[in-house]
Amino acid sequence: MPSKRTKDSSSSKQISAGSTSSGAGDFVVVAIGASAGGIEAVTELVKHLPADTGMGFVLIQHLDPKHQSMLTDLLAKQTTMSVFEVRHGMKIEANNVYVIPPNATMSIFDYVLQLQAREETRGIPMPIDHFMRSLAEANGNRSVGVVLSGSGTDGTLGMAEIQAQGGVTFAQDNESAKYNSMPHSAIAAGCVDYILAPRHMARELARIAKLPYSHAPSTVETALSPADTPAMATIFQLLRRSTGVDFTHYRQTTIRRRIQRRMLVHKLERIEDYVRYLQSNTAEIKALYQDMLINVTSFFRNPSVFDALKSTVFPSIMKHRTHDKVLRVWTPASASGEETYSIAIAMLEYLGDKASQIPIQFFGTDVSEASVAKARAGTYPENIQGDVSTDRLRRFFVKVEGGFRISKSIRDMCIFAQHNLLNDPPFSQMDLICCRNLLIYLEPVLQNKAISLFHYATRPYGFLVLGASEGLGAATSLFNTEDRAHKIFSKKTSTVRQVVTFSLNRQADRGEYGPVRTLMRPPESTSNYLEAQKEFDRRLVTQYVPATVFVNDEFEIVHTRGNVSRYLKLAPGRASLSILKMARESLLMELRNALARARKDDTTVRKQGIVIKNGNGNGNGDAKSQTAYLINLEVSPIRMGPMKELYFMIVFHEEKESKPALKPKLSRSAPKQVDVNHSPIAKLEQELAATKEYLQSVIETQEATNEELQSANEEILSSNEELQSTNEELETAKEELQSANEELSTVNDELRNRNADISTVNNDLTNLLASIKIAVIMVAPDVTIRRFTPEAQKTLGLIPADVGRPFININPLIQIPNLHEMILKVIGNGQMIETEAVSRNDHRYSLRIHPYRTSEGKTDGAVITLVDLSPGEATQSPAE
């Protein structure tokens, strides 16, 4: 059997010789906390622990700093493990027990124990919390916390840190604990996995020691399925269905560590078994959910950050603040409220005497309803003395039973609400957002989303504070770095505004845009057609109704008059009313030129001597039978209707025969015919001239079209920018409305909770006044009656209608000289007055007039009590 080692000069030399080690850095360290009344519990635990667990045990007990401890010798007699009193720099090895020396504070790093002299400046020492916190930070999920019998609250915060890092926690049950304050505090805080007697703790620790993760950190984590396996997907689905929170994109290593911890608590080795356990146990889903959230924080965590806020952030916020602007601070993932209250205290310290003149709002939000309820209560255990200075405790806290409570003036400035940062609409117009140690638990996709939300929520020149291990990631374009060491960033006002969505799911193609809409020319209405027809008829009458065609601005035929078959024909293929498709080939070039010039110059255009080929007037003869006719045409632009729409009137004139010798058989009324084969050079010259004119017209038309297209393109670009700007403004308005709605919901929730508290207090007060057999009257500073007890109603002859009436106007059954003056005196100097009074039926009463004091200590009226002192009556006091 290995020799038991106690504190002596050679103990440090014998550590490695007499202890079994599992190797540095691969075994679990168990921190055991107990008070002076926990010696029996510690002895019972160590006595039943096997000697080969492969764990290292560190005992932190509240010891008298002025006396040498005999605890090492006592424990050495109860176990076969080696027991040592800790010395500075001692390295922990497995299967050994280490005991803290008196008057010391201990921490651990890399399995090395470090001692510091105990500080006496921060109230009651909390050595258990101090060590457990350092153990959780150093060993992570390879740490175990045990709280045994003891008085006070030491160990609660440390157990919470161990649990947050994935470790396992134990607390002694009420039946076996000699003093249950310490275990009860940890249990009430929700940071205990097992509540057992010491001997049963030893059995459970031995079981944990046999699990794989006690010897190889990676074994269980690699055994757990990744996020895309059916088991993990089922766990996410169960959590999402029960709590509404989707953990799919949370940090997978953290998720696996939390699931591993729950499996360890329930003695399950396969994740499939744990899934089945979840499906049949709703309470376990809630427990896993609370574990996933990791609601662990503390007051003034990383004190240097708050110093940086005072030196950098707060002065800049005050510099850019307008006179009527409310200072707004938001702390997402605030857990139980310590972060929010810490920033509020730091802000009030910075503002000093100006604090009462500046409106300030602090918003603390968290997805856990239980944490929000704790934050609203603002009550914390005594061990916050390790984080909050004595001066701050005196200024900003009120001592209550079992701990401290934030003063009412600060609680009134802080609004707490349940809020899912990644799904619910964010708050807006914030001067400062402090979100520390949340992003480290999220994957990059959610980190970028959160940073974009913070950018949206901050005002210009607003600030963002992140945790020590966090950064902006890919969103560096949204914030400037103000203090790299303390992770303080300021909003960039010149950056392109980010589109903020309040849902994790990627938006599908936005259906509201729909297909591209093509603007179509409105069809001709009946009224426009009739009006155009009247105008056409009037003009035709004046011109003897020659062959005439009316076309719109797209050269489509609207109406015809006269015989137009000589000039137009239905083209093969798909039917069209375009005059440029229906015009005969020999007429097309001249007609096109005339229409183009009429449109461009907005004037009447005439063309003369146009040769039209026609086979005997029907257009269907062969080339040998074809003859040519000379015609003139006239194109006149017309604008009609309220919209001044453009139309064209095309009139065809046939030239009459001027030289009968050419064709003696033709009558004077017949049009002049020209031999198709006559003068080919003249014909070619005529066609060449027409072609040149047509090409020139085409070029001019093309240039005009290019200019119009360029102008239209510029207008489209301008319209697109305006539409984009309008869309952004609408998006902004939508987001601001959602944020405002969320903020109103938060305020409403806060007011509803406060109203419930006020109703409870009012009910308590009403029942208290109704139950005491003492005449009590409360009066306002102007000596009007506020409230009185039923006994006062009988003793003084009051009625319910007297509430609100001046007390001097009441004619009580008891005559008390100078009562009004005495009440005013008490209200004026705040000093109690006690005297005797006699009623009309000779009953003697003890009269006491107390100042009515508010929670801020101000005198706001008086409280009058009358105690009957007559013989035969039980003497009562107001305390009854």
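The values are calculated or read from the model by the stated rules, or taken from the named source; none is laboratory data. Not measured: the values here are computed from a predicted model. We work out accessible area using only protein heavy atoms, side chains counted, and drop any ligands, DNA or RNA first. Shrake-Rupley method; radii C 1.70, N 1.55, O 1.52, S 1.80 Å.
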Give the value in nm², to one decimal: projected area of the alpha carbon convex hull of region 731-804, averaged over all directions.
7.4 nm²
At a 1.4 Å probe radius, which order do MET132, MET589 fall into by accessible area, largest first?
MET589, MET132
Rg [Å, one decimal], Dmax [Å, integer] - region 430-493, C-alpha atoms
10.4, 28
Excluding residues fewer than 8 places away in the same chain, name every one of the aspartates and glutamates whose C-alpha is closer than 20 Å to that of LYS354.
ASP307, ASP324, ASP391, ASP412, ASP431, GLU856
Alpha-carbon Rg with Dmax, taken over region 73-141, Å
12.9, 39
For region 296-356, compute Rg over Rh where Rg is the Cα radius of gyration and Rh is the Kirkwood radius from the inverse mean 1/r over Cα pairs.
0.97
Past the 22 Å Cα-Cα mark, which pairs from LYS581/LYS613; LYS408/LYS825; LYS825/LYS858; LYS178/LYS399?
LYS408/LYS825; LYS178/LYS399
To the nearest 10 square angstrom, what accessible area does ILE358 show with a 1.4 Å probe?
20 Å²
Given pairs LYS644/LYS692; LYS47/LYS210; LYS569/LYS692; LYS319/LYS491 and cut-off 21 Å on Cα-Cα distance, the over-length ones are LYS644/LYS692; LYS569/LYS692
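How big is the convex hull of the Cα atoms of region 107-172, per residue, in Å³?
Details: hull volume 5.5 nm³, N = 66.
In region 107-172, the Cα convex hull volume per residue is 83 Å³.
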For SER151, solvent-accessible area (1.4 Å; no DNA, RNA or ligand), Å²
60 Å²
Which percent of the accessible heavy-atom area of region 811-866 goes to carbon and sulfur, probe 1.4 angstrom?
47 percent
How would ASP73, ASP602, ASP353 line up by accessible area, probe 1.4 Å, largest first?
ASP353, ASP602, ASP73
Taking just the alpha carbons, could you work out the radius of gyration and Dmax for region 672-799, both in angstroms?
46.8, 140
Expressed in square angstrom to the nearest 10, the accessible area of VAL564 with a 1.4 Å probe stands at 30 Å²
Tell me whether region 140-208 comes out rounded, prolate or oblate; compute the Cα gyration tensor, take square roots of the eigenvalues as a ≥ b ≥ c, and use a/c under 1.5 as the rounded threshold.
oblate
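Take every Cα-Cα pair in region 681-747 and report what % of them are more than 19 Å apart.
Numbers: 1485 of 2211 pairs.
Here the long-distance tail beyond 19 Å is 67 percent of all Cα pairs in region 681-747.
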